[in-house]
Structure formats: C-alpha cells, structure tokens
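Readers should treat all values here as calculations from the given coordinates under stated rules, not as data from a laboratory. What you are looking at is a predicted structure, and each value in this text was computed from that prediction instead of being measured. Positions of Cβ are backbone-derived with ideal geometry, glycine not excepted, and every protein chain shown enters the neighbour counts.
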Amino acid sequence: MYNAYTRYVRRHDDDDDDDDVLQKASTSSNLLECLSIITKILMGIAHSVYTFVQLIFTTIYPVEKSLKNNVILVTGAGRGLGREMSMQLAKEGAKLICVDINADGVKETADAINDGWAGQGAVADYYTTNVAEPSEANELARAVEEKWGRVDVLINNAGIVASAPIMDATDEQIRRMVDVNLVSHFWMIRAFLPAMKKRNDGHIVATSSVAAFTCAANIVPYAATKYGVTGLMASLREELRSDPSVANIKTTTVHPFFLDSSPINVKHWEVKSAMPIVSIPQVASAAIRGIKREYAVVTVPELLRFIMHVVWILPQKSADYWRDTFSSQINKA
C-alpha cells in the first residue's frame with residue numbers, strides 16, 4: 001500500500017514538473033514573439049521615417065527615367081485626356097500606339113503627332129479596338145508586338161464618364177460602364193503583361209479618379225468602377241512586388257479630380273465644387289511626371305489624397321459634415 005502511494009505521488013510530481021517545463025517554454029516562446037513584434041514595429045517606424053526623408057529629398061531632387069524611344073500604348077486616345085497624354089508623350093520622344101473605339105478620333109490623334117504637332121520626328125500608330133472585349137485586346141497585343149516588338153508602357157485610360165441617380169441608370173449603361181472602366185483593365189493587363197514578364201521590364205498605368213478615395217451622390221456606377229481600378233492596381237503591384245523575377249515591372253495609378261472638359265466641347269456632368277476642377281493638360285503632365293519618377297500613385301491635386309484619407313478616419317457624422325461643406329455636388333449634364 002505504501003509503495004503504491006509513493007509511486008502515485010512520484011508520478012504526479014513528475015507530471016507537475018513537466019507542466020512547469022511546458023509553461024516556462026510557452027512563456028519564453030510568447031516573450032520571444034512579443035520581442036519580435038516590438039522589433040518589427042521599431043524597424044517599421046525607423047523605415048517610415050527614412051522613407052519620408054527620402055520622399056522629401058526626391059521631391060526636391062527628383063530622379064526621372066527617360067521615355068525617349070519607349071513604345072507607349074494609350075487607350076482612350078481618341079480625345080480628352082488620352083489624346084493629351086499621347087501628345088505630351090510624343091514630345092518626350094516616345095513612340096505612340098494610340099488606341100480607341102472611336103476610329104475617327106484615334107486617327108486624328110495619330111495624324112496630329114505624325115504631322116509634327118508634337119515636334120519633328122514624333123511617331124504614332126493607331127488601332128481601332130474595343131478594349132472591353134478580351135478577344136480584341138488579345139488581337140491588339142499580337143498586332144502591336146508583331147509590328148513594334150514590345151510595349152514598354154501600357155496606359156489603360158479608356159473610360160466612360162456619366163452621372164445619374166442609380167435608379168435612373170439603365171442596366172445597359174451600368175454594364176457598359178463597368179466593362180469599359182474596370183473590366184477592360186483586366187483584359188489589357190492579361191494581354192500585355194506576359195511579354196513584360198519575359199523581359200522583366202515594363203510599366204502599367206491606370207487612370208482612376210479621386211472618386212476612389214471618397215463618395216458622392218449620382219455617380220454610384222462610376223465611383224464603383226474607380227474603386228475597382230484602384231484596388232486592382234494596388235493588388236497587381238503587390239503581386240509583382242512579391243516576385244523578384246519581375247521586379248522591374250512598375251505600376252502607376254492616376255487619380256485626377258474632376259476634369260475641365262470644356263476645351264473638347266464635352267460636358268459629362270454638372271459639377272459644383274469648393275475646390276477648382278483641374279485641366280486636362282495639368283493631369284496629363286502629372287501622370288507623365290509620375291511615370292518618369294515611377295510613382296505608385298499620382299493624385300491631381302496631390303494634397304487631395306491626404307485630405308480624403310483623413311476624412312475616412314473621422315467619425316461618420318464628422319466626415320459627413322466635411323463632405324457636405326467641401327465635397328462636390330454632381331448632377332447630370
């Protein structure tokens with residue numbers, strides 16, 4: 001009886017010792033995890049400070065890559081921002097591939113460049129393509145790469161701009177806007193990215209909108225597509241960044257404020273804003289500067305992105321107040 005009791009006590013003492021060892025090991029493991037997290041946080045803070053200083057330095061002394069002799073494809077080049085970007089890029093010495101569903105408009109853009117409007121020696125080609133159709137996007141890629149060899153910069157700029165209360169928009173209008181403003185980006189990226197990956201070189205640019213940073217009445221389908229484009233480009237950048245074999249492929253997302261389209265005699269909507277609307281040449285210049293400096297995000301005006309992010313972290317009623325005070329009122333033109 002005594003021996004059995006002694007064995008029982010010893011066995012339980014051993015179990016207690018094992019529990020103590022496991023508890024100490026768990027505590028030690030948790031402590032190491034906490035130290036690891038704290039170290040990462042401190043390193044993150046130091047890295048953030050470093051990148052802010054670097055940003056200030058590069059803003060004062062920017063480093064810009066040359067676009068001379070780059071083959072640059074611009075969708076939506078038949079008029080407006082796409083045409084203006086094509087013209088300014090031609091002045092940079094780039095070889096332009098102008099793409100639009102509007103056959104007359106895209107031909108006018110290319111002809112103006114080839115006729116010397118952007119300077120002597122400027123070169124442009126044009127294609128009439130519905131980029132919302134994957135088969136046409138793939139055929140465009142084959143045709144361009146066969147003739148020009150490569151596309152260095154792909155600018156997905158094609159888009160439909162319209163405003164109306166959500167219940168006033170037709171099913172076809174919503175579907176068409178989503179297809180052109182958002183889904184076409186998928187088809188164009190999937191058509192041109194493989195060749196960029198093979199070369200480990202290229203730059204993909206998307207025209208989004210400040211509508212992707214905020215919200216406004218009467219542009220529900222439009223804003224939804226721009227949120228989508230911004231998310232697409234941010235995730236695409238992460239996908240490329242996670243693969244060292246394609247580290248030289250860059251992305252840039254352009255977020256302009258509402259454009260003054262009066263110079264091209266097009267009125268998409270009626271905008272009443274406390275902030276001044278921006279000109280098409282102003283946005284084109286900012287976008288090209290962003291490409292040359294390899295910015296991931298370009299906002300026109302730049303301060304607006306910071307303001308929009310601040311509004312997002314405010315309590316809802318406070319955010320509503322600031323939106324009501326300074327946001328744009330958009331009505332159908």
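For Val300, list long-range residues whose amide hydrogen, built 1.01 Å from N in the peptide plane, is under 5 Å from its own amide hydrogen. Result for Val300 returns His255, Phe257. Among the chymotrypsin sites (Phe, Trp or Tyr not before Pro) found in the stretch 30-124, those both in a DSSP coil and sparsely packed, with 16 or fewer other Cβ atoms within 10 Å of their Cβ, are Trp117.
With contacts taken as Cα pairs under 8 Å at a separation of at least 6 residues, the stretch 71-332 carries a relative contact order of 18 percent.
The packing ranking, built from the mean of other Cβ atoms within 10 Å per residue, places the peptides 89-100, 127-138 in the order 89-100, 127-138, highest first.
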